[in-house]
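The values are calculated or read from the model by the stated rules, or taken from the named source; none is laboratory data. All values reported here derive from a predicted model rather than from experimental measurement. Cβ placement follows ideal geometry from the backbone for every residue including glycine, while neighbour counts extend to all protein chains displayed. The accessibility values were calculated without ligands, DNA or RNA, using every heavy atom of the protein model including side chains. Shrake-Rupley method; radii C 1.70, N 1.55, O 1.52, S 1.80 Å.
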Amino acid sequence: MICAFLLGVASNAAWAVDISFQSPSGNIRCDMSRDAPLAVRCDLGVERQSYTNRPESCDGVWGTSFGLGQTGTAQLICVTGADLTSEGRAVLPYGSRAILDGITCRSEPSGVICVNIAGNGFEVRRAQQRMF
């Protein structure tokens, strides 16, 4: 059964967060916001990542942070600030969804999948990450 899983408003130093959650494993952490160019950002704590060719313009962490706006394609994010932490985040149970303004993120045993109204998105899981 899939149901909406909406959380209260939290705050983050970089942007106002409307929904903040983590996967049951705690390995994937996501923030959703109405006030950011990328409406969702998910960080993945992995030792092995699919995207390893860091652009010269990125001085931070590359290949483990993904972002998505209400339209357009998913993006890899160069993270120069702190990683999203698990502290204080509610768990989004497997089979549940977090929905905010046309973005839907679904928690599955294999990972988290986020999709926008245009059908673009990303899938993050320990074994592999992909954007579509």
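Couple of notes before you dig in:
- For region 99-129, the tally of residues that are more than 16 Å from Asn27 (Cβ to Cβ) and under 14 Å from the mean Cα position of the chain (by Cα) stands at 8.
- Total residues in region 81-95, condition in a loop (DSSP other than H, G, I, E, B), open to solvent by 30 Å² or more (accessible area, probe 1.4 Å) and either out of contact with any strand residue (DSSP E or B) (no Cβ under 9 Å at 6 or more places or on another chain) or modelled with pLDDT of 95 or more (or both): 5
- Just one of the listed residues (Gly63, Gly26) is part of a loop (DSSP other than H, G, I, E, B), surrounded by fewer than 19 Cβ atoms within 10 Å (Cβ to Cβ) and small (Gly, Ala, Ser), namely Gly26.
- Condition met for Val40 (open to solvent by 10 Å² or more (accessible area, probe 1.4 Å) and closer than 23 Å to Gln128 by Cβ): no
- Within region 32-53, the set of residues being of a type outside the set (Val, Ile, Thr) and in contact with a Cys (Cβ under 8 Å, 6 or more places away or on another chain) comprises Met32, Arg41, Cys42, Asp43.
- Residue that is of a type in the set (A, V, I, L, M, F, W, C), modelled with pLDDT of 95 or more and either surrounded by 16 or more Cβ atoms within 10 Å (Cβ to Cβ) or not in a strand (DSSP E or B) (or both), where the choices are Ala98, Ala127: Ala98
- Which listed residue, of Thr71, Thr52, is in contact (Cβ under 8 Å) with a residue 24 or more places away in the chain, among the β-branched types (Val, Ile, Thr) and either in a loop (DSSP other than H, G, I, E, B) or open to solvent by 80 Å² or more (accessible area, probe 1.4 Å) (or both): Thr71
- Whichever residue in region 104-124 is in a loop (DSSP other than H, G, I, E, B) and among the small types (Gly, Ala, Ser) and, among such residues, is surrounded by the fewest Cβ atoms within 10 Å (Cβ to Cβ): Gly119
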